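Enquirer: Could you have a look at this structure, given as structure tokens, before my questions?
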Amino acid sequence: MTPGVIDANTEASLICYQEAVVRTGENSGNNTAQIFATDDKGTLGRATLTSLWAQGIRPDDVRSGADTWEVVQLQAAFWWASQAGISDDDLNRDRAYAEHGVAYFANGRSAPTTARYSGNTAAHIREYQGAVGLPRTGVADSATLRAMVGGSVKNPGVVGR
């Protein structure tokens with residue numbers, strides 16, 4: 001295993017995850033099942049990253065003014081969902097999100113940092129909602145979270161950098 005390299009086992013796990021998201025979306029409607037509209041099977045593309053970050057977020061955890069780990073997750077999911085072109089500065093921001101995620105699990109699911117759901121967050125959510133065909137409310141409601149878990153992204157089909 002080489003850090004930063006997707007080996008055969010990691011690729012198989014990604015495929016399993018992606019197929020489970022699509023199957024769940026198609027069978028139950030619990031997500032939009034759009035991962036493969038942007039990402040190839042086994043790739044850790046922006047739709048898959050959006051989905052992974054959005055897992056487990058409940059609307060009550062990310063209300064306006066909330067200061068929680070789930071807001072960090074939401075902001076990371078939004079970031080991947082909205083970016084088709086990614087600069088080096090963007091990658092540095094993404095690394096910081098990943099480091100927060102690793103620290104979260106390393107600390108026994110104790111949040112190393114939190115973020116506040118502010119007016120800026122609401123504006124980004126409105127933009128995302130409009131890009132994926134949802135009403136532009138600025139609220140991370142169930143439909144918005146289902147879209148993120150399903151891998152719905154702005155400019156689907158554009159894999160990014």
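The values are calculated or read from the model by the stated rules, or taken from the named source; none is laboratory data. If you're wondering where the values come from, they're calculated on a predicted model, not measured in any experiment. Reconstructed Cβ throughout: ideal geometry from the backbone, glycine too, with neighbour counts over all protein chains shown.
Enquirer: When residues of the stretch 57-72 are filtered for being in contact with a strand residue (DSSP E or B) (Cβ under 7 Å, 6 or more places away or on another chain), under 16 Å from residue 138 (Cα atoms) and among the acidic types (Asp, Glu), how many remain?
Expert: Counting residues in the stretch 57-72 that are in contact with a strand residue (DSSP E or B) (Cβ under 7 Å, 6 or more places away or on another chain), under 16 Å from residue 138 (Cα atoms) and among the acidic types (Asp, Glu) gives 1.
Enquirer: Based on what the data block shows, is residue 48 in a loop (DSSP other than H, G, I, E, B) and either within 13 Å of the chain's Cα centre (by Cα) or among the hydroxyl-bearing types (Ser, Thr, Tyr) (or both)?
Expert: Taking the combined requirement at face value, the residue does not satisfy it.
Enquirer: Any idea which of (1) part of a loop (DSSP other than H, G, I, E, B); (2) out of contact with any helix residue (DSSP H, G or I) (no Cβ under 9 Å at 6 or more places or on another chain); (3) not aromatic (Phe, Trp, Tyr) is the one residue 57 doesn't satisfy?
Expert: So residue 57 meets the others, but not (2).
Enquirer: Can you tell me how many residues in the stretch 126-138 are surrounded by fewer than 18 Cβ atoms within 10 Å (Cβ to Cβ) and not basic (Lys, Arg)?
Expert: Residues in the stretch 126-138 being surrounded by fewer than 18 Cβ atoms within 10 Å (Cβ to Cβ) and not basic (Lys, Arg): 6 in total.
Enquirer: Going residue by residue through the stretch 3-18, is there one that turns out to be part of a loop (DSSP other than H, G, I, E, B), more than 16 Å from residue 148 (Cβ to Cβ), over 18 Å from the mean Cα position of the chain (by Cα) and of a type in the set (A, V, I, L, M)?
Expert: yes
Enquirer: Look at the stretch 111-161 and say how many of its residues are modelled with pLDDT of 90 or more, small (Gly, Ala, Ser) and under 23 Å from residue 36 (Cβ atoms).
Expert: Result for the stretch 111-161: 9.
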